[in-house]
Amino acid sequence: QVQLVESGGGLVQNGGSLRLSCAASGRNFSSYTVAWFRQAPGKEREFVAAVNWSNRITYYANSVKGRFSISRDNAKNTMSLQMDTLKPEDTALYYCAAKRVSSVTSYGGRYDYWGQGTQVTVSS
């Protein structure tokens, strides 16, 4: 069993930056693929970024490619999402997720564990 806790959300101006963190507890986290998803009010949850267990394979949604960067620190059981050049359309509740199977995927249904989310609001 893995528990995930997000932090780092907040209010930022258009063009600003934020860094989200996700702390994991439980065994085997270092072998899991981890990802960030987001959900804006009235919209479906969408994939943001994922990274495999070794930090060598990353995958980004087209909408954030070049602006966001995902990474993990297996020694500390944490992962992060650096978000730069934020836009109002990035406003959402951001969730971290982990999956036991090592393949990287944007499909949320493949993820086994989810955090409670942290709110990111970008003002125009």
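When you scan segment 87-124, how many residues do you find that are in a loop (DSSP other than H, G, I, E, B) and under 15 Å from the mean Cα position of the chain (by Cα)?
10
Where residues in segment 49-72 are in contact with a Phe, Trp or Tyr (Cβ under 9 Å, 6 or more places away or on another chain), in a strand (DSSP E or B) and small (Gly, Ala, Ser), which of them is most open to solvent (accessible area, probe 1.4 Å)?
69
Between a first residue in segment 3-26 that is under 15 Å from residue 94 (Cα atoms) and a second residue that is in a strand (DSSP E or B) and among the basic types (Lys, Arg), which pairs have beta carbons less than 6 Å apart while being 6 or more apart in sequence or on different chains?
Here the result reads 8/19, each pair linking segment 3-26 to a residue that is in a strand (DSSP E or B) and among the basic types (Lys, Arg).
Please work out which residue is least open to solvent (accessible area, probe 1.4 Å), limiting yourself to segment 9-48 and to residues that are modelled with pLDDT of 95 or more and among the charged types (D, E, K, R).
38
Filter segment 9-48 for residues that are among the small types (Gly, Ala, Ser), at negative phi and in a loop (DSSP other than H, G, I, E, B) and give the result.
Across segment 9-48, the qualifying residues are 9, 16, 17, 40.
Going by the conditions given, is residue 61 touching a Cys at 6+ places or on another chain (Cβ under 9 Å) and small (Gly, Ala, Ser)?
no
The values are calculated or read from the model by the stated rules, or taken from the named source; none is laboratory data. Note that the structure is a prediction, hence the values are computed from the model and not measured. Quick reminder, even Gly has a Cβ in these numbers, built from the backbone with ideal geometry, and neighbours come from all protein chains shown. Remember, those area values only see protein heavy atoms, side chains included, never the ligands or the DNA or RNA. Shrake-Rupley method; radii C 1.70, N 1.55, O 1.52, S 1.80 Å.
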